[in-house]
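Taking it in order: structure first as C-alpha cells, then the write-up.
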Amino acid sequence: MLEKIKQQLADSNARLVAVSKTHPSSKILDLYEKGQRIFGENKAQEVVEKQEALPKDIEWHFIGHLQRNKVKYIAPFIHTIHSIDSLRLLKEINKQAAKHQRVVHCLLQFHIAQEDSKFGLDMVEAKAILDDPEYQILENVKITGVMGMATYTDKLDQVRSEFTSLKLIFDQLKESYFQEADDFKEISMGMSGDYELAVAEGSTLVRIGSLLFGARHYG
Ligand SMILES: *Cc1c(COP(=O)(O)O)cnc(C)c1O
C-alpha cells in the first residue's frame, strides 16, 4: 500500500504523513525501512514513547486536539503541530519550544466540515490570531499553513467543496499575511477515505492511517 500511495503522490505536490496512532513501534519501523520518514500521532504520551524508541531522523507530526498542559512533553522534538485552534495554544508552544531553542511548525486548523464535532477556527478567529501583537512577537513557532478535516460522508461533491474551501482559506491568508513567507506552503487535508480528492484540490500533506496500518483497535 505504501508504494501505491507514494506513486499516486509522486505527480503531485503532496507528501505523506503516515498516521501511526495506536499502532506499535514495530509497525512504524517497517515503514521506516521502506523509506517513510513522516509519522503522525494524536496523543502526547504515545508520541513521546515512540520518539524515544525509534530512529531520530523521523519527522513527528501532532495531528489531534492538543491540551496546553501536554505541550511541554512534545516540545523537545515535535516537527509540526497540525491542530492550532487558539492563540493561547500557540503561546504555550512558543514558550516550551524556546526552552529547547527550537522553532515548531504550526498549522491553523479550520472547521470546514458540516459536522459540529470537528473543531477548528473560522476565518474571523484566524485573522484575530494573526493580527494580535502577542502572536506577532512569537519567535519559536512558525505558521506554515492550514489543516482541515472534511465531513465523514460518501457525498463526494460535499467533500470536494470542503477541500476547495480550505484551499481558498489558504490562498486568502497567503495573500493577506504570508506573501513574503516562502515556508507558508502547507495544506494538510485528506485521509484514507478521501486523500485522492484532497490531492486533486491542492493538498500538500495527506494524513493516512488505516489504509497503511489496517484498522485501529482502541483498548
Ligand atoms: C486518525 C486521523 C487521521 C487518519 O485517519 P485514517 O482514516 O485512518 O486515514 C487523519 N487525520 C487526523 C486528524 C486523525 O485523527
message = Residue under question is Ile58, and the condition is that it be closer than 27 Å to Ala198 by Cα, more than 12 Å from the chain's Cα centre (by Cα) and buried (at least 19 other Cβ atoms within 10 Å of the Cβ); does it hold?
response = yes
query = If you scan the stretch 51-64, which residues turn out to be farther than 12 Å from Ile78 by Cβ and in contact (Cβ under 8 Å) with a residue 12 or more places away in the chain?
reply = Ala53, Leu54, Pro55, Asp57, Gly64
query = In the stretch 173-197, what residues are surrounded by fewer than 17 Cβ atoms within 10 Å (Cβ to Cβ), away from the ligand (no atom under 14 Å from the Cβ), outside any loop (DSSP other than H, G, I, E, B) and not polar (S, T, N, Q)?
reply = Lys174, Glu175, Tyr177
remark   = Here, helices (runs of 4 or more DSSP H) confined to the stretch 45-160 with at least 1 residues that are in contact with an Asp or Glu (Cβ under 9 Å, 6 or more places away or on another chain) and not basic (Lys, Arg) are 71-74, 87-99, 123-131
request  = Could you look through the stretch 80-118, keep only residues that are of a type in the set (Ser, Thr, Tyr) and under 19 Å from Lys43 (Cβ atoms), and pick out the one that is surrounded by the most Cβ atoms within 10 Å (Cβ to Cβ)?
outcome  = Thr80
task = Sort out which residues of the stretch 198-219 are buried (at least 16 other Cβ atoms within 10 Å of the Cβ) and within 13 Å of the ligand (Cβ to nearest atom), and write them in order of number.
result = Ala198, Ser203, Leu205, Val206, Arg207, Ile208, Gly209, Leu211, Leu212, Phe213
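Every read-out reported here was derived from the displayed coordinates using simple, explicitly stated rules and does not represent laboratory data. This one's a predicted model, so the numbers in the text were calculated from it and none came from an experiment. So basically every Cβ, Gly included, is an ideal-geometry build from the backbone, and we count neighbours across all protein chains shown.
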